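J.: Dropping a structure here in C-alpha cells format, bear with me for questions.
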C-alpha cells in the first residue's frame, strides 16, 4: 500500500494503532489521545501527524468520525520534499512538541475535503492520479506546517515563560545524546539535582528527561535506518552502543520491532539512494 484513506469512529478506533506508514489523523470532539504512551488532551478540531511505527491510542468523550491518511515513505518522501513543506522536524520527528494541532473549523473542513479528493483519485487510478495525490499530500503537510509554525512561534504569555533548565537540557541533549544516556550527566552539567531537572523538564515537555533521552536515541536510530545504508552494527556504534544486540533489544523495546524489521517495513529513502 502506498497511500490510503481509512475511516473509523472514536468508539471503534483500534486499541493501539501503529503502521509502517506516515500517518495523518483528522477528527473533532474532546478527549485524550496517547502517542507512544504520552497523553495529550484535545478539544475541537484536531490534526495529528505520526511517523512510522509510532503508537496511537484514543479516548473520546463522544463518538466522532476519525479520518486517517496513510502514505509510505517510498510514495512521498518528507525528507526529499523538506524545502517545499518543511514538515520533517516540525510535524513529524519532533520529540519536544505535541504531535497534534488544533485547527480552525474551516481548515478542518478543507483538509477533510482534500482527504476525500485523495480517496477519489485512488479509486480512479488514472495516469495522472499519483501526481495529483502527491500534490494533495504536499498541500496538507504545508497547511499543517504553517499552522504549527504559527503556534510554535506565537507570542509567549507571562504565564508560560520557557523554563531555563528545560531549555538548557534540550540543548545539551541534542549535543550529547549519542554518548550520554544517564540523567545525572545532564543535571551535573547544569549544576542542579536530578529531581530539580526532572520537574523542570516534565513541566515544559510533559515528559521526563529519561523519556526524552530514550526518544532522542530512537529518533536518530530511525533516521539512520531510513536515510542511510549503514549497517545496524554501524548505527549502534554511532549511537554509543558497544553491543549491536543490546542496541537491537533497546530499539525493539521502544518501537515494537527490531532495527532490521523496521528498515524492511519503512524502506530506505530515495535520499539515501541519491547520495550513493
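The values are calculated or read from the model by the stated rules, or taken from the named source; none is laboratory data. Computed from a predicted structure; not experimentally measured. Methodologically, a virtual Cβ is constructed for each residue, glycine included, from the backbone with ideal geometry; neighbour enumeration extends over all protein chains shown.
J.: Looking for whichever is touching a strand residue (DSSP E or B) at 6+ places or on another chain (Cβ under 6 Å) and over 19 Å from residue 107 (Cα atoms) here; the options are 71, 49. Which one fits?
T.: When all the criteria are applied, what remains is 71.
J.: Kindly provide the set of residues from region 235-276 that are part of a loop (DSSP other than H, G, I, E, B), out of contact with any helix residue (DSSP H, G or I) (no Cβ under 8 Å at 6 or more places or on another chain) and surrounded by 14 or more Cβ atoms within 10 Å (Cβ to Cβ), ordered by number.
T.: 240, 256
J.: Answer yes or no: is there a residue in region 204-213 that is buried (at least 17 other Cβ atoms within 10 Å of the Cβ), more than 16 Å from the chain's Cα centre (by Cα), part of a helix (DSSP H, G or I) and not assigned by TED's automatic domain parsing to the domain that holds residue 73.
T.: Yes, region 204-213 contains at least one residue that is buried (at least 17 other Cβ atoms within 10 Å of the Cβ), more than 16 Å from the chain's Cα centre (by Cα), part of a helix (DSSP H, G or I) and not assigned by TED's automatic domain parsing to the domain that holds residue 73.
J.: Sticking with this one: Is there a residue in region 211-234 that is more than 21 Å from residue 269 (Cα to Cα), out of contact with any helix residue (DSSP H, G or I) (no Cβ under 7 Å at 6 or more places or on another chain) and without any contact (Cβ under 8 Å) to a residue 40 or more places away in the chain?
T.: The answer is no, given that none of the residues of region 211-234 is more than 21 Å from residue 269 (Cα to Cα), out of contact with any helix residue (DSSP H, G or I) (no Cβ under 7 Å at 6 or more places or on another chain) and without any contact (Cβ under 8 Å) to a residue 40 or more places away in the chain.
J.: Right, another one. Would you call residue 98 in contact with a strand residue (DSSP E or B) (Cβ under 6 Å, 6 or more places away or on another chain) and either at pLDDT below 95 or over 18 Å from residue 137 (Cα atoms) (or both)?
T.: yes
J.: Could you tell me whether region 192-203 includes any residue that is surrounded by 14 or more Cβ atoms within 10 Å (Cβ to Cβ) and under 25 Å from residue 51 (Cα atoms)?
T.: yes
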